[in-house]
Number of protein chains: 2
Amino acid sequence: MITIAVDAMGGDQAPRPEVEGSVLAAREFGVRILLVGQPAAVRAELAKHATPNLAIEVVPASEVITMEDHPAQAFRRKKDSSVHVAARLVQEGKADGMISAGNTGAVMTVARFLLGALSSVDRVALAAPFPNAKGGVSVLLDVGANVDSKPEHLVQFAVMGEIYHRAVFGSRRPRVGLLSIGEEESKGNELTREVNNRLKKIPVHFVGNVEGGDLFSGDVDVIVCDGFVGNIALKICEGLALQIFGLLKKALKSTLSAQLGYLFSRGAFKGLRKHIDYTEYGGAPLLGVRGVCVIGHGRSNANAIKNAIRVAAGLARARINEKIEQELTGTAVHA
Amino acid sequence: MITIAVDAMGGDQAPRPEVEGSVLAAREFGVRILLVGQPAAVRAELAKHATPNLAIEVVPASEVITMEDHPAQAFRRKKDSSVHVAARLVQEGKADGMISAGNTGAVMTVARFLLGALSSVDRVALAAPFPNAKGGVSVLLDVGANVDSKPEHLVQFAVMGEIYHRAVFGSRRPRVGLLSIGEEESKGNELTREVNNRLKKIPVHFVGNVEGGDLFSGDVDVIVCDGFVGNIALKICEGLALQIFGLLKKALKSTLSAQLGYLFSRGAFKGLRKHIDYTEYGGAPLLGVRGVCVIGHGRSNANAIKNAIRVAAGLARARINEKIEQELTGTAVHA
């Protein structure tokens with residue numbers, strides 16, 4: 001049975017959605033859950049659910065990392081945080097993977113230091129799934145773990161992203177693109193020109209340079225970029241979506257006719273929000289660490305937590321790390 | 001009287017919106033317009049409008065650069081294109097500025113080579129205005145002219161963007177931010193850490209690092225970045241906006257109730273689209289060239305052309321280049 005350690009104290013409303021999502025996941029996916037956090041708070045939430053036949057255990061952690069904590073400081077100072085304890089469960093083989101909806105920087109830092117990188121991976125990468133216009137999911141990586149990446153790092157991201165897309169989204173031969181500022185090979189900066197050259201030589205289905213709009217076009221499944229660019233891209237998407245929904249709300253309150261219209265179309269808007277909300281897609285895996293680590297948004301609701309557990313269990317079941325090691329050892333992706 | 005050379009052959013529906021926008025601008029702003037393009041086509045459009053008292057002249061250009069043309073090739077091979085002729089009018093002092101809704105890469109190439117950069121400017125920068133959540137306009141630069149920028153280039157972008165924001169959007173003391181992946185100084189890549197350091201020492205109102213979402217927050221007026229990052233940011237915004245509107249359309253057709261809702265709220269949606277459409281904000285100026293050059297979207301309608309002419313005339317009237325030279329010569333922004 002796959003065991004997932006769930007950071008019960010991570011999200012904005014912890015531990016409520018974490019506990020509820022864990023109960024749902026244990027019931028639906030038949031996974032074993034280790035709920036890591038302050039026992040009294042976690043047990044109080046757990047008592048609200050019917051859990052007689054579910055494999056859910058509480059693992060105590062005395063400290064909590066907040067969204068305001070500085071990642072490196074939190075790593076050093078809060079050694080009994082729920083994030084640390086969850087990572088240690090993975091490190092010690094007591095869990096196959098961990099999920100957290102906590103402080104992304106802190107979770108990455110703890111996972112990187114406690115779990116470490118696979119031997120063939122120079123830098124771990126955070127991969128963000130986006131719904132695309134063709135009804136599928138495109139994955140952007142790295143979205144925040146690395147800046148000033150070298151060409152070999154981006155090549156490794158391509159291999160890891162491709163394996164993740166196959167494991168979680170079921171594609172047989174994901175199309176891999178390189179994020180740049182024009183489709184021609186000659187377009188881009190020093191880094192992308194070199195990476196474009198290298199990606200042609202490895203066994204992934206490389207479709208060449210893609211542009212910013214291709215995150216949503218559905219013409220490419222895995223989009224590779226440096227973490228500085230990817231993190232800015234992610235934040236722009238969140239910011240613009242909020243801005244558009246804010247304006248929409250305002251526009252729909254502006255006239256009586258629009259207000260009336262809103263009453264009728266409210267269901268459609270809710271559906272749309274759900275479609276766009278990336279927590280629906282199971283959070284962002286930190287690829288390349290020993291073990292499995294999936295990071296959800298701080299706003300994660302129970303459904304998002306459930307989906308993150310599904311993704312973490314899927315990655316563990318697919319033995320993603322063995323596949324990454326095989327691919328990266330087999331192909332000439334190192335400098 | 002300010003004279004603006006208008007590339008009449010640039011946009012997707014040229015020369016119709018170009019001619020109509022020019023007529024509107026000549027009438028509203030009292031500027032003189034040189035309509036550059038194939039005389040027969042331009043005159044045929046012009047005949048549709050009442051122009052007896054307007055200062056509009058047609059300047060012939062035999063060639064047309066298309067959206068499919070390769071910028072550098074178009075620059076070398078189509079020397080009598082409407083873009084070349086418009087740029088030469090500025091170069092020779094016969095126009096104070098030019099606007100084009102044509103192939104952005106080609107317009108930038110022609111302007112860079114024919115007009116050249118100001119003596120204190122190492123690299124020209126394309127600046128894109130975005131509507132923000134506070135009802136103002138934030139400007140992102142560079143969005144496409146430069147990759148692999150050096151710290152001194154970004155510092156120059158900050159100075160140019162600040163002067164542009166004051167001249168066109170009337171702010172007295174624009175807040176300047178540096179696009180990065182966290183607000184702390186230590187966050188970012190090698191480039192932004194160095195630029196953060198330098199921006200503190202020059203006389204702009206530097207508010208520190210900002211993140212991707214701040215393009216829309218309204219908490220910062222001018223956002224500085226390398227052209228690779230900026231171009232990707234711009235394309236993501238266009239792509240995501242299209243994606244959200246597409247999903248919205250689909251959602252609103254999904255049920256009878258939603259369809260009914262749409263009928264009532266249609267006006268609100270149109271208003272929203274207009275608010276988001278950046279052609280409303282007068283196109284993107286190429287800052288740092290000798291003369292004034294404003295680039296509009298290929299989809300520009302007559303209103304967008306009119307606004308681009310307004311911006312070009314405003315930049316010329318504000319003597320933006322004199323101000324840029326003064327600021328850049330006066331402050332230690334060179335390496």
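FYI, it's all coordinate maths here, none of it is from the lab. Note that the structure is predicted; figures quoted are calculated from it, not measured. Please note: Cβ atoms are built from the backbone with ideal geometry, for glycine as well, and neighbour counts cover all protein chains shown.
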*Determine the relative contact order of chain B: mean sequence separation of Cα pairs under 8 Å and six or more apart, normalised by residue count, in whole percent.*
24
*By DSSP, what percent of the beta bridges with both residues in the protein assembly as shown are antiparallel, rounded to the nearest 5?*
25
*Averaged over A:241-250, how many beta carbons belonging to a partner chain fall within 10 Å of each residue's beta carbon?*
6
*Pair B:GLU57, A:THR329: separation of 7 Å Cα→Cβ label points (nm)*: 7.6
*Quickly rank B:142-151, A:7-16, A:156-165, A:129-138 as a protection proxy: mean count of other C-beta atoms within 10 Å, highest first.*
A:156-165, A:7-16, B:142-151, A:129-138
*Average beta carbon contacts from partner chains per residue of B:208-215, 10 Å cutoff*: 5
*asked:* Suppose the Debye formula is applied to equal point scatterers at every Cα of the protein assembly as shown; what is log10 I(q)/I(0) at q = 0.05, 0.09, 0.11 Å⁻¹?
replied: -0.26, -0.80, -1.12
*Would you mind getting me the FRET efficiency between A:LYS79 and B:GLU28? Use the beta-carbon distance for r and R0 = 51 Å, nearest 0.05.*
0.15
*Rg/Rh for segment A:14-162: what does it come to with C-alpha atoms and Rh from Kirkwood?*
1.00
*Dividing the alpha-carbon Rg of segment A:295-334 by 2.2 N^0.38 Å yields what?*
1.62
*Just report the Cα centroid separation between segment A:61-94 and segment B:185-237, whole Å.*
31
*Projected onto the charge dipole of segment B:155-252 (+1 at Lys/Arg Cβ, -1 at Asp/Glu Cβ, origin at the Cα centre), which of B:GLY170, B:PHE206, B:SER180 gives the Cα projection farthest towards the positive end?*
B:GLY170
*Considering only A:SER81, A:SER120, A:SER100, give the residue with the highest GNM mean-square fluctuation for chain A, with springs between Cα atoms whenever their separation is below 10 Å.*
A:SER120
*Over the whole of B:178-187, what's the average partner chain Cβ count within 10 Å per residue? Rounded to a whole number, please.*
3
*Sort largest first and round to whole Å: the equivalent ellipsoid semi-axes of chain A, each the square root of five times a Cα gyration tensor eigenvalue.*
31, 28, 17
_Helix-only [θ]222 nm of the protein assembly as shown, DSSP H runs n ≥ 4, -39500 (n - 2.57) each, per residue, nearest 500_ = -14500 deg cm²/dmol
*Hey, in the GNM for chain A with a 10 angstrom Cα cutoff, which one of A:LEU178, A:LEU118, A:LEU240 fluctuates hardest?*
A:LEU240
*Using θ = phi - 60° and the Karplus curve 6.51 cos²θ - 1.76 cosθ + 1.60, what whole-Hz ³J(HN,Hα) does each residue of segment B:161-178 get, with Gly and Pro shown as x?*
x, 5, 5, 4, 4, 5, 5, 9, 9, x, 6, 8, 9, x, 7, 9, x, 10
*Of B:LEU140, B:LEU46, B:LEU179, which is the most mobile in a GNM of chain B whose springs link Cα atoms less than 10 angstrom apart?*
B:LEU46
